[in-house]
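Student: Below you will find the structure I want to go over with you.
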Amino acid sequence: MCWCRIPGKGMESLLRICWSIRKSSVRSYGSFYLYRKIAERNGMVRALREALPACWTEYFTLACYMVSAGDPLMYCEDWLKDTESYPVGSLSSQRISELLLSLPPQGREAFYGSWYAAHNDVEYLALDITSESSYSELIEDVEWGYNRDHEQLPQVNLCMMVGETSRLPVHQTVYAGSHKDVRTLVTSLSRFEAATGKRPATIVMDKGFFSAKNINFLLGDSDGEAHNFLISMPFTCAFAKKQVESERKDIDCVENTIVVNGYPLRAVTKLRAWNKDHKVYTHIYYSAKKASGIREDLYAKVALLKQRADAEPEKCLDDGECRKYLIIRRSEKQASGYTVSIRSDVLEKVLYTAGWVVLISNNIPDALQAMCVYRDKDVVEKSFLRLKNSIDLGRLRVHSDNAMQGKLFVGFLASILMAEINKTMDRHGLYKKYTMKELVNLLAKLRVQDINGRRILYPVSKEQRIVYEAFDVELPTE
């Protein structure tokens, strides 16, 4: 046992010290410390400070709360009481509502410009769109449309651009819920360039953005300003069908084989005329393995449908799938009263383009490079998944257009932080030991305590030290 002498009046001094410790505050520090270091290093803090000088700390703190808790913003005040952050005062539900409602559009766009300017790398930008469902009838842009989550709810559409090299979100735009992907491209690129300037970039898109009008826009036919692009073509387009037909007989040979991430493909690139003024690199791909798999799955599906129709033909008369692939006719010669036959022409049509992909670009001449770039487009899809599953954006729990824009902006900031964390966890194999939530909670256990105005940092554990080293962040010392 160890004894120490307490100066002063004995018991009175002891009670005063005990009272000071009892009145001291202990707060979580480790996770916010990581967010702050990440945001200072990647330029996010600077961009926020320049764009929203009066309230940038509040928006940043809300984004940190989204990443840490993933709960509705109305509970942020409780989290803030136990977390050391930038000095922001109260973040009560009322104050949060004021912040979301008062976010100036010019401040938001200024942030996008400063944020993109902080990244000097010229990289491919993946562009995609998702649905954000809402119960509110007061948001003007909430409309019924194609819901990508297959929810029976009205929605808004959120279009986001993500860097394929940095893997960071760089811009987002909100559209009314009834808009289709193809109708948003011109506006999205125009708003992106207005906010960030016309730096060279290649926009990578799936076939949902394809239309002849959009390709003409990208090639510069409308205003003379061309945009570098790589896009997948749907087989509803005659141009795409023509490319498949031209290569069908000769593509399946070893000379045309490329290997993408260990997966073999046949690939041919041709420079084709798009119109009288422009040619495009046309990359035609064929996967015999994928085509075979699609054929086997379809044959099995149709065989099971026919078995069911043979056994219970009357029940299948109004079945959509049966009507698509089968012909069910009345027949007195059959014991069941019906004959069932397979619509071979429908199967042939479905399988005609099975295993084929056509990409076109105005600046990527190599088939292997084009496919690698196109496959990396999933960075934006993963950003959407984190947005909906890890933070409070599965539903828009707001009731005005301004509040919606404000909340989605905070979600964009949170997406940047999560993308940085995800990138480092991938690189250093941290997912083998932690989920992102577990890693955040591990760092949150690092605490600080204030006693009589003195700030005391708790010891950094071995696990926390390993995590900070993986992020190349110096250990907190004060």
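The values are calculated or read from the model by the stated rules, or taken from the named source; none is laboratory data. Keep in mind that what you see is a predicted model, and the values were worked out from it rather than measured. Neighbour counts are summed over all protein chains in view; Cβ atoms, including those assigned to glycine, are modelled from backbone coordinates with ideal geometry. In case anyone asks, the SASA skips ligands and DNA or RNA and just uses the protein heavy atoms, side chains included. Shrake-Rupley method; radii C 1.70, N 1.55, O 1.52, S 1.80 Å.
Student: I'd like the full set of residues that are in a loop (DSSP other than H, G, I, E, B) and either of a type in the set (Phe, Trp, Tyr) or out of contact with any Lys or Arg (no Cβ under 7 Å at 6 or more places or on another chain) (or both), limited to the stretch 397-426.
Tutor: Across the stretch 397-426, the qualifying residues are ARG397, HIS399, SER400.
Student: Quick one: would you say LYS180 is open to solvent by 10 Å² or more (accessible area, probe 1.4 Å), within 24 Å of ALA240 (Cβ to Cβ) and at pLDDT 85 or above?
Tutor: No.
Student: Only one residue in ILE251, ILE342, ILE284 is under 30 Å from ASN214 (Cβ atoms) and in contact with a helix residue (DSSP H, G or I) (Cβ under 8 Å, 6 or more places away or on another chain). Which one?
Tutor: ILE284
Student: Any chance you could count how many residues in the stretch 364-375 are open to solvent by 60 Å² or more (accessible area, probe 1.4 Å) and in contact (Cβ under 8 Å) with a residue 12 or more places away in the chain?
Tutor: Total meeting the criteria: 4.
Student: Also, I was wondering about something else. What are the residues in the stretch 42-58 that are in contact (Cβ under 8 Å) with a residue 40 or more places away in the chain and assigned to a helix (DSSP H, G or I), if any?
Tutor: Selection gives ASN42, MET44, ARG46, ALA47, LEU48, GLU50, ALA51, GLU58.
Student: I'm trying to understand the selection: among the residues of the stretch 278-317, which are assigned to a strand (DSSP E or B) and open to solvent by 80 Å² or more (accessible area, probe 1.4 Å)?
Tutor: Correct list: LYS279 only.
Student: Does any residue of the stretch 382-389 turn out to be farther than 21 Å from PHE239 by Cβ, open to solvent by 40 Å² or more (accessible area, probe 1.4 Å), within 24 Å of the chain's Cα centre (by Cα) and of a type in the set (A, V, I, L, M)?
Tutor: Yes - at least one qualifying residue is present in the stretch 382-389.
Student: Select, from ARG343, ARG330, the only residue that is in contact (Cβ under 8 Å) with a residue 12 or more places away in the chain and among the basic types (Lys, Arg).
Tutor: Unique residue meeting the criteria: ARG343.
Student: Being outside any strand (DSSP E or B), in contact with a helix residue (DSSP H, G or I) (Cβ under 9 Å, 6 or more places away or on another chain) and over 30 Å from LEU387 (Cβ atoms) is the filter here; which residues of the stretch 427-457 pass it?
Tutor: Answer for the stretch 427-457, where residues must be outside any strand (DSSP E or B), in contact with a helix residue (DSSP H, G or I) (Cβ under 9 Å, 6 or more places away or on another chain) and over 30 Å from LEU387 (Cβ atoms): just ASN452.
Student: With respect to SER415, determine if the residue is surrounded by 21 or more Cβ atoms within 10 Å (Cβ to Cβ) and of a type in the set (Gly, Ala, Ser).
Tutor: yes
Student: Okay, next question. Please go through (1) closer than 26 Å to VAL448 by Cα; (2) of a type in the set (S, T, N, Q); (3) in a helix (DSSP H, G or I); (4) more than 22 Å from the chain's Cα centre (by Cα) for THR61 and return the number of the only condition it doesn't satisfy.
Tutor: Here THR61 clears every test but (4).
Student: For the subset of the stretch 100-133 comprising residues that are more than 15 Å from VAL174 (Cβ to Cβ) and of a type in the set (S, T, N, Q), which member is surrounded by the most Cβ atoms within 10 Å (Cβ to Cβ)?
Tutor: Looking at the filtered set, the residue picked out is SER114.
Student: One residue is enough: does the stretch 67-78 have a residue meeting the conditions closer than 26 Å to ASP472 by Cβ, over 23 Å from the mean Cα position of the chain (by Cα) and not in a helix (DSSP H, G or I)?
Tutor: Checking the stretch 67-78: not a single residue is closer than 26 Å to ASP472 by Cβ, over 23 Å from the mean Cα position of the chain (by Cα) and not in a helix (DSSP H, G or I).
Student: Regarding ARG266, is this residue open to solvent by 40 Å² or more (accessible area, probe 1.4 Å), more than 18 Å from LEU125 (Cα to Cα), assigned to a strand (DSSP E or B) and free of Cβ contacts under 8 Å to residues at least 24 places away in the same chain?
Tutor: Yes.
Student: Related question: Taking strands (runs of 3 or more DSSP E) that fall entirely within the stretch 163-262, which contain at least 2 residues that are closer than 25 Å to ALA47 by Cβ and under 28 Å from the mean Cα position of the chain (by Cα)?
Tutor: Where strands (runs of 3 or more DSSP E) fall fully within the stretch 163-262 and carry at least 2 residues being closer than 25 Å to ALA47 by Cβ and under 28 Å from the mean Cα position of the chain (by Cα), they are 169-176, 202-205.
Student: Another question about this same structure. Can you go through LYS333, LYS324 and tell me which one is farther than 30 Å from SER166 by Cβ, open to solvent by 60 Å² or more (accessible area, probe 1.4 Å) and not in a loop (DSSP other than H, G, I, E, B)?
Tutor: LYS324 is the lone residue from the list that is farther than 30 Å from SER166 by Cβ, open to solvent by 60 Å² or more (accessible area, probe 1.4 Å) and not in a loop (DSSP other than H, G, I, E, B).
Student: Starting from the stretch 151-166, take each residue that is at pLDDT below 85 and list its partners that are charged (D, E, K, R) and part of a strand (DSSP E or B), counting only C-beta distances under 7 angstrom and pairs at least six apart or across chains.
Tutor: Between residues of the stretch 151-166 that are at pLDDT below 85 and residues that are charged (D, E, K, R) and part of a strand (DSSP E or B), the close pairs are PRO154/GLU143; GLN155/GLU132; VAL156/GLU132.
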